[in-house]
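The values are calculated or read from the model by the stated rules, or taken from the named source; none is laboratory data. Remember, predicted model here, so these are calculated numbers, not experimental data. Glycine also receives a Cβ, built like all others from the backbone with ideal geometry; neighbour counts cover every protein chain displayed. Heads up: the accessible areas ignore ligands, DNA and RNA and are worked out on the full protein's heavy atoms, side chains in. Shrake-Rupley method; radii C 1.70, N 1.55, O 1.52, S 1.80 Å.
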Amino acid sequence: MTDLSLRAAGFKSPVARQRLAKRYRAEARFRSYGVIGLSLTALFIALLLFDVAVKGLPAFVQHSLAFDIALDPQKLDPQGTRSSANLAEADFLQPLRDKLLSYFPDVSTRARRKALLGVLSTGAADDLRETLLADPSLIGRTVKVEALLSDDADLYFKGTGTVITSEAATGSASLTQLPEEQRFTVVSTEGDFARALAEIKRQLSRRADDFQAGAERLRAERQRLETAGGPADVLQKNLKSLDLKIGEFQTRATDLRDRALAANAPEKLDSTVPSLLAEVNSGLIKAEEIASDRLTGTALLLPASLGLAAPGTWRLVTYETPESSRQIGDQEVAWLESLKRQGLIRSHFNTRFFTAGDSREPELAGIRGALIGSLLTLMVTLTICLPVGVAAAIYLEEFARKNRLTEIIEVNINNLAAVPSIVFGLLGLALFLNTFGLPRSAALVGGLVLALLVLPTIIIASRAALKAVPPSIREAALGVGASHQQAVLHHVLPLAMPGIMTGTIIGMAHALGETAPLLMIGMVAFIVDIPSGITDSATVLPVQIYLWSDLPEIAFQAKTAAAIIVLLVVLFLMNGFAIVLRRRFERRW
Amino acid sequence: MDASNTTVIAPSTPSIIAERVIKISARNVDVFYGAKQAIHDLSIDIPDRAVSAFIGPSGCGKSTFLRVINRMNDTIPSARVTGTIEIDGENIYDKRLDPVLLRARVGMVFQKPNPFPKSIYENVAYGPRIHGLAGSREELDEIVFSSLRRAGLFDEVKDRLAAPGTSLSGGQQQRLCIARAIAVNPEVILMDEPCSALDPIATARIEELIDELKQNFCIVIVTHSMQQAARVSQLTAFFHLGFLVETGDTDEIFTNPKDKRTQDYITGRFG
């Protein structure tokens with residue numbers, strides 16, 4: 001008793017208090033590790049989701065050119081039969097092209113016409129054909145058409161084009177046409193272009209500095225070479241080539257400096273500087289050369305009239321992003337801006353993304369083929385995995401004798417779960433394609449390969465679920481005279497089913513996200529058609545993402561992210577369903 | 001073998017054995033779990049239409065022997081049984097005998113109530129169904145209702161037969177398990193500490209039930225409660241360290257134990 005009370009008194013001693021403080025510190029430290037770890041994880045997940053969302057969400061919107069088109073029966077269906085065969089052959093690009101050109105009467109040369117038509121997607125004519133095939137009675141009428149824009153034009157309206165600034169000019173302008181085609185001069189009475197010119201001079205000065213610095217660096221290099229010595233002929237050769245370079249750099253530096261210093265000398269604008277345009281008399285002149293009071297350049301949009309423009313009626317427009325850093329040229333920007341100003345551009349939800357197969361044109365590409373491919377593949381996987389996996393699990397867990405052989409099998413099942421998925425792909429290639437001669441790229445083979453991949457997962461999950469059923473249930477069944485098999489099938493298996501289902505769904509989600517083994521069996525091909533059966537060529541969502549991520553078109557970046565969003569949503573739904581299933585059927589004994 | 005550890009069969013036959021038919025007769029039973037011997041040379045006669053109680057400290061082999069009687073130990077791969085155990089003169093360890101059918105004849109109630117996670121009705125109906133005891137839905141209803149009635153549960157659950165068996169209270173669950181056991185019309189009911197997870201009121205209820213059931217069944221009960229053994233049983237067997245130390249009429253054992261160990265145990269000197 002004395003011992004105990006002594007020890008109790010000891011809990012209040014300074015040493016004990018220190019010990020307590022130390023324990024508190026250790027516990028706080030441990031908790032903070034957990035919090036830090038969790039926060040980091042949450043941060044990365046949030047970053048990932050945010051990044052994918054920001055990149056992918058624009059792909060769910062598309063822009064079209066909406067206008068009324070008179071469908072001329074003489075051109076579309078000269079025989080007047082309205083038969084599908086005739087309509088399928090008709091030129092549906094013609095009415096779209098005519099309509100678009102009618103907005104820009106000045107576009108006369110073949111090259112410019114082609115450029116203007118490039119604003120429309122190649123799919124626009126196909127859309128019109130589909131509409132008319134569905135309802136031939138529209139021919140001869142004027143219909144509202146939403147012609148899909150090309151990927152670059154679409155991207156431009158999604159804000160990846162350029163910032164456009166515009167300010168009213170202070171002087172009055174006189175617009176004169178030069179002898180060359182489409183070239184004009186704008187002369188301002190107030191030196192409206194002086195600021196732009198000064199900016200260009202500043203840039204020239206900066207570039208001159210850069211070249212000067214380069215020249216200095218090369219001189220230092222030359223000095224080093226000279227002092228280092230070496231074989232005379234090699235040295236001479238090296239010095240000579242260095243001298244040439246130094247001379248070149250120096251000349252350019254001097255040249256640029258001279259141009260920069262001559263404050264009033266006119267300057268040429270190239271595609272590496274922001275584009276300057278004068279909007280005069282409802283025309284748009286792109287500056288190619290400016291002086292402080294004079295702008296010379298090509299008309300992107302033809303002015304309605306020549307002559308004088310009063311102060312305030314004409315504007316200076318700048319496309320801030322240099323033309324060379326953009327997907328889309330000044331001319332296209334001018335056209336698109338003009339169309340937008342006329343209220344012809346519509347944005348709408350990109351349903352095509354969910355209804356179309358793959359395409360080389362980003363604006364026409366959709367994930368339906370990949371979605372259906374994934375669905376078919378998963379169906380094959382599930383049909384094979386679930387019965388085989390559950391049967392194997394029941395046998396191993398409930399019936400197999402515990403001996404050397406079953407031990408080896410168990411260990412190997414666990415090992416199989418850790419085998420890199422690409423190996424299963426190679427196995428599928430060797431076995432299903434080469435030995436059995438099954439069709440390449442087909443959902444059937446993909447499903448078989450993924451079944452091999454997921455089988456260990458399902459067996460392990462199912463065994464864990466079976467093991468989790470309390471022995472009392474088994475005993476209860478045996479106690480009323482059920483055989484072992486009856487006890488397992490009537491009582492243990494139904495109770496293990498939620499766990500088995502959860503494992504299966506998570507296995508399926510794993511299969512859905514798997515890419516590598518499918519590459520090996522050729523599901524990586526470019527497939528436009530939506531597969532209609534398990535032996536058709538198909539691809540799956542993650543492979544589609546992989547394919548798109550590789551393409552050079554900028555618009556495919558958004559498509560890739562959008563496909564990732566769809567894949568993640570499907571995965572979240574599957575995992576959510578697994579959780580619901582577990583919650584719903586979870587039993588306590 | 002130490003002389004004090006040899007099995008002592010009561011020199012005089014217990015009167016309950018003399019009064020009743022012998023239902024279960026075990027001779028020289030040894031049970032091994034792997035190399036470990038759990039029961040040594042056990043011989044006992046168990047009377048029909050009476051309650052026999054196995055008492056003894058933990059790990060003495062009483063539950064093991066209970067599980068030997070309906071061959072539940074077969075499910076443990078390392079378990080091995082030698083000697084003979086006869087029910088109505090038939091050796092239950094005969095190779096030709098199907099252990100599954102034996103378990104239908106020798107029902108079992110476990111320590112912890114373990115109803116199937118199914119409806120009350122299904123819990124009771126399961127046994128008759130797999131054994132084909134009912135030809136029609138009406139017959140099955142009849143079996144289920146009468147079993148629930150005999151287990152004294154019918155009035156409490158008749159309005160919610162579709163409710164899950166696990167929704168009942170502990171005592172009700174245990175009575176449901178008894179109803180489930182008697183639904184297949186067994187000859188013997190083995191009860192492995194059926195009240196150890198129950199409160200005193202539920203225990204009293206089960207004890208009453210056991211008392212009623214003994215009119216029709218041979219009941220063997222393993223219990224840690226000596227009061228329970230004294231209350232419900234007619235024959236008591238005291239197990240110690242894998243040996244059956246003493247068997248006798250319950251009154252006799254509790255008032256006049258022959259063996260020192262029995263005396264020590266029932267007076268609470270160890271256990």
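Structure notes:
- Cα principal axis extents for chain B, largest first, Å: 59, 43, 35
- Compactness check for chain A: Cα Rg over 2.2 N^0.38 Å is 1.46.
- Rounded to whole Å, sorted largest first: equivalent-ellipsoid semi-axes of region A:378-424, Cα gyration tensor: 22, 17, 5
- Lysine pair count for region A:164-325 [Cα-Cα under 27 Å; pairs on different chains or 8 or more apart]: 6
- Pair residue A:235, residue B:80: separation of 7 Å Cα→Cβ label points (nm): 9.8
- A viscosity of 0.692 mPa s and a temperature of 37 °C, combined with the Kirkwood radius over C-alpha pairs in the Stokes-Einstein formula, give region A:362-585 a diffusion coefficient of 174 µm²/s.
- Buried surface between chains B and A: roughly 1600 Å² of accessible area, summed over both sides, computed with a 1.4 Å probe on protein heavy atoms only.
- Surface/4 estimate of mean projected area, convex hull on alpha-carbon atoms of region A:164-325, nm²: 11.7
- Eigen-decomposition of the gyration tensor built on the alpha-carbon atoms of region B:1-149 gives equivalent ellipsoid semi-axes of 32, 19, 15 angstrom, largest listed first.
- Remark on region B:191-265: ratio of C-alpha radius of gyration to 2.2 N^0.38 Å is 1.12.
- Cα centroid separation - region A:295-339 against region A:53-85, whole Å: 29
- Averaging Cα coordinates gives a centre for region A:509-523 and one for region B:139-195; these two points are 53 Å apart.
- Å² of accessible area per residue within chain A, as computed with a 1.4 Å probe and no ligands counted: 52
- The alpha carbons of region A:111-248 stretch over 88, 48, 33 Å along the principal axes, in descending order.
- Relative contact order, percent, chain A [alpha-carbon distance under 8 Å, six or more residues apart]: 15
- Here the contact order of region A:1-157, divided by its residue count and restricted to Cα pairs under 8 Å and six or more residues apart, works out to 30 percent.
- Here the alpha carbons of region A:48-120 define both size measures, Rg and Dmax, at 18.3, 58 Å.
- Membrane-span-like helices of chain A, defined as complete DSSP H segments with a Cα extent of 15 Å or more along the helix axis and a mean Kyte hydropathy of at least -1.0, are identified as A:14-56, A:93-103, A:123-134, A:232-261, A:330-341, A:368-394, A:404-416, A:443-468, A:493-512, A:555-585.
- Rounded tilt (10° steps) of B:137-150 against the dominant C-alpha axis of chain B: 50
- Taking label points 7 Å from Cα along the Cα-to-Cβ direction, residue A:549 and residue A:414 give a separation of 3.3 nm.
- Remark: region B:152-245 carries 34 Å² of accessible area per residue (probe radius 1.4 Å; ligands, DNA and RNA excluded).
- Computed helical MRE - 222 nm, chain B, DSSP H runs ≥ 4 contributing -39500 (n - 2.57), nearest 500: -10000 deg cm²/dmol
- List of region A:469-486 residues, accessible area with partners at least 50 Å² below that of the chain alone (1.4 Å probe): A:475, A:476, A:478, A:479, A:480, A:481
- Fully extended contour minus Cα-Cα distance, from residue A:94 to residue A:265, at 0.36 nm per residue: 56.8 nm
- Against the empirical curve 2.2 N^0.38 Å, the C-alpha radius of gyration of region A:242-350 lands at a ratio of 1.41.
- Relative to the longest principal axis of the Cα atoms of chain B, the long axis of helix B:170-183 makes an angle of roughly 90 degrees.
- Residue-averaged [θ]222 nm for chain A, counting only DSSP H segments that reach four residues, each worth -39500 (n - 2.57): -18500 deg cm²/dmol
- Between residue A:422 and residue A:60, the contour length at 0.36 nm per residue exceeds the Cα-Cα span by 127.1 nm.
- Across region A:168-176, rounded Karplus estimates of 3J(HN,Hα) from the backbone phi angles (6.51 cos²θ - 1.76 cosθ + 1.60, θ = phi - 60°) give 6, 7, 8, x, 9, 10, 10, 9, 10 Hz, Gly and Pro being marked x.
- The label point for residue A:526 and the one for residue A:351, both projected 7 Å from the Cα toward the Cβ, are 2.8 nm apart.
- Burial of accessible area (probe 1.4 Å, heavy atoms of protein chains only) in region B:42-90, relative to its chain alone, reaches at least 10 Å² for B:67, B:72, B:75.
- Gaussian network model of chain B, springs between alpha carbon atoms under 10 Å - residue of B:223, B:250, B:13 with greatest fluctuation: B:13
- Straight-line cross-link partners of residue A:99 among the aspartates and glutamates, defined as a Cα under 18 Å from its Cα and at least 8 positions apart when in the same chain: A:68, A:72, A:91, A:126, A:127, A:146, A:332, A:337.
- If you wrap the Cα atoms of region A:51-187 in a convex hull and average its projected area over all directions, you get 12.8 nm².
- Anchor residue B:214: lysines whose Cα lies under 29 Å away (excluding residues fewer than 8 positions away in-chain): B:23, B:62, B:112, B:118, B:158, B:258
- The length gained by stretching the chain between residue A:569 and residue A:219 to full extension, at 0.36 nm per residue less their Cα-Cα distance, is 120.0 nm.
- Three semi-axes describe the equivalent ellipsoid of region A:3-58; taken as square roots of 5 times the Cα gyration tensor eigenvalues and ordered largest first, they are 50, 7, 5 Å.
- Within the accessible area of region A:362-585 (1.4 Å probe), percent carbon and sulfur: 68
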